Amino acid sequence: MQKLSYKEKFVQMNKEAKASWIVAAIVIAFWWMAGFGIYHVWGAEWTILGMPAWFVVSCFGSWILCVGLVWFITAKVFQDFELEDELPVVDVSTPDAAGKEETK
Amino acid sequence: MSAFLRLAPVFVFFLVLLGMGFYVQKRSAAARAEDYSKDYFIGGRSLGGFVLAMTLVATYSSVSSFLSGPGVAWQKGFGWVYYASTQVVAAFLVLGVLGKKLAVIGRRTESVTIVDIIRQRYQSNGLAICSAVVIIVFFTTQMLGQFIGGAQIFSAATGLSYEAGLLFFAAVVVLYTTVGGFQAVAITDTACAIVMLIGMVCLGYAILTKGGGMAQIMATINEASKTAVETGTGFDMLSPTADSAGIPSISVQLYLTQWMLCGVCTLGLPQSGVRCLSYKDTKSVHRAMVYGTIVVGAMMVGMHLLGVLSRGVLLEVEGSTDSVMPTLIASYMHPLVAGITIIGPLAATMSTISSLLIAGSSAIVKDIYLHAKETKQEPVNQKTLGHLSLAVTALMGIAAIGLSIKPPDIIVWINLFAFGGLETMFFWMLLLGLFWRKANATGALWGGIGGLAAYCVTMALNIKIGTFHNILIGVGVGFFLFVLGAHVGRQNDEKVHRLFFPEQF
């Protein structure tokens, strides 16, 4: 497992959040194109297993695509690191208690 | 005999759930003596990937995923499955975007609830109290909705009266949640998710065999759609917009907002967010993203597709489309298999209730009571805290059961706003709070309350923009007010920024 400082963890987590949004965007785009796109061109004439192709490709396709992409980013973009930190526990919930840091 | 066969699997399942609750209570006695709220409300940050995924999905999939959703799909056809499939992003997005930040900051600040995090980020007691109150109100009404739905299925399937069904199954949920706390909720949710999948497979098998195979079923559906298009009554089951008399019943605008309501904005649901504070390590959250997406897709696409296909078995139903699934289970399945299948929707209900109950209780005990104690710097006895937590959870559950016996109209009405209301209140507060340094208490308060008010008022008065769902108004107004408030109000201290945005220093 990688050793990251508190700051480095946040740089990494921002990257991971961005990757998650990109996956969502790709899935949404695919979903629209597959569903309305196929229906626009072929209507309900083209069928897969008796069901309309626009439905099969958009619903099952988006699902499989989504699982694949999520697997890909968790393997390639997401990194393992320690969630606990060596830094002291803080409580910043009150604005006036300036610098009230306690070590536990 | 058939009544017994139908009830037996349900009884066994209930006993297993209760057993899990008491087992967890016993096993975590030591951990609770040390830090009661950490163990009771988030299970001591110990969830692994599989359980995390299952509890997230089980909490999210409610009675409507098993009952009303497939019922409408029976009527409207494939368009409704397409509509429901937007939920495929609901599992990984919250974990991928908020999951680790909440986990890291939660550990650093010893936060146990989402309101704890809000308190740290925005340094505002008023905002924290508002958030806790919104959570308590909406969670209680949502629980009620689930109790009502669950009791209806239970009585339809077993022949017991509504009240008897309610008391019986509700008592089980409240009991195991109360004694076992969050960890019991997570483990029972996992059991629930598994039986939901089993129920779905049983149901699929029954529909395919009773309907005479896929070809036969699709022929029936094609016939029904053809008649609908020709006569202008009923829905074109084969089109994505499910046209009725040439008018789309699911418009493109509605699809757009469905991606917000059941897709992207589920990020803001506090019952999902709190799960980000409860897992063990980064491996768990990575795995949960993959497993969660697999299960949520299987369940949402699968159940709604079964709704469509059940048209091949049932051409007509009496009453509302909600009765499609119970009728199917009660009339077309072997009693024992029906008993196993009926656990599916019950489990969907119970897993949602348990999560709402434990999170609602944490809002009272941790966010309001314990915080008041800390402010007054009074010491907290872990044993007293234990008794109090159990009492609040039990009372909240009992109150919800009591109200569901004869549900007051006002609560049924509030429940309509609960899901979207929670999203409009917390979506920007969590997302911008964790990713935008300028976000502050004024923005969060204006955006949260303003968005929530805009959403509820337009919903109540039935004010609409085109055919968009009003979530668009709620989230839109919320965003505008949030940004406005952030520019008007005072910025948070540097120590908050150093905690939440260390990468910018």
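What follows draws every value from the coordinates through simple rules; no lab data is involved. All of these numbers come straight from a predicted model, not from anything done at the bench. Here the Cβ is made from the backbone with ideal geometry for all residues, glycine too, and neighbour counts use every protein chain on show.
A few points about this structure:
- Shown in residue order for region B:49-63 are the 3J(HN,Hα) couplings computed by the Karplus curve 6.51 cos²θ - 1.76 cosθ + 1.60 at θ = phi - 60°: x, 5, 5, 4, 4, 5, 5, 5, 6, 5, 5, 6, 7, 10, 4 Hz (x for Gly and Pro).
- Each helix, a run of at least 4 DSSP H residues, gives -39500 (n - 2.57); summed and divided by the residues of the protein assembly as shown, these come to -23000 deg cm²/dmol at 222 nm.
- Relative to the longest principal axis of the Cα atoms of chain B, helix B:471-488 runs at roughly 10 degrees.
- Size of region A:12-76 from its Cα atoms: along the principal axes, largest to smallest, the extents are 47, 20, 11 Å.
- Per-residue mean of C-beta atoms belonging to partner chains within 10 Å, peptide B:82-93: 6
- Hz values of 3J(HN,Hα) by residue in region B:4-11 - Karplus curve (6.51, -1.76, 1.60), Gly and Pro given as x: 5, 4, 6, 8, 3, x, 5, 4
- Rounded tilt (10° steps) of B:213-231 against the dominant C-alpha axis of chain B: 90
- Averaged over peptide A:34-41, the number of partner chain Cβ atoms lying within 10 Å of each residue's Cβ comes to 3.
- Arranged from fewest to most other beta-carbon atoms within 10 Å of their beta carbon, B:Cys456, A:Cys66 become B:Cys456, A:Cys66.
- Positive contributions from Lys and Arg (+1) and negative ones from Asp and Glu (-1), summed over other residues with Cβ under 15 Å from the Cβ of B:Ala228, come out at -2.
- Rounded to the nearest 20 debye, dipole of chain B from Cβ charges on Lys, Arg, Asp, Glu: 1360
- Cα shape, chain B, gyration tensor, a/c 1.5 rule: oblate
- Under 14 Å of direct C-alpha separation, and excluding same-chain neighbours fewer than eight residues apart, B:Lys438 reaches these aspartates and glutamates: B:Asp493, B:Glu494.
- Size of electric dipole in region B:20-124: Cβ of Lys, Arg +1 and of Asp, Glu -1, about Cα centre, debye, nearest 20: 180
- The mean number of partner chain beta-carbon atoms within 10 angstrom of a residue's beta-carbon across peptide B:121-129 is 2.
- Cα centroid separation - region B:1-44 against region B:401-420, whole Å: 27
- 0 to 90° range, to nearest 10: angle between helix B:409-435 axis and chain B longest Cα axis: 50
- A simple packing score, the average count of other Cβ atoms within 10 Å per residue, orders the peptides B:8-21, B:268-281, B:425-438 as B:268-281, B:425-438, B:8-21, with the highest score first.
- From phi via Karplus (6.51, -1.76, 1.60), per-residue ³J(HN,Hα) for region B:363-376 in Hz, x at Gly/Pro: 5, 6, 6, 7, 6, 9, 5, 4, 5, 4, 4, 5, 4, 7
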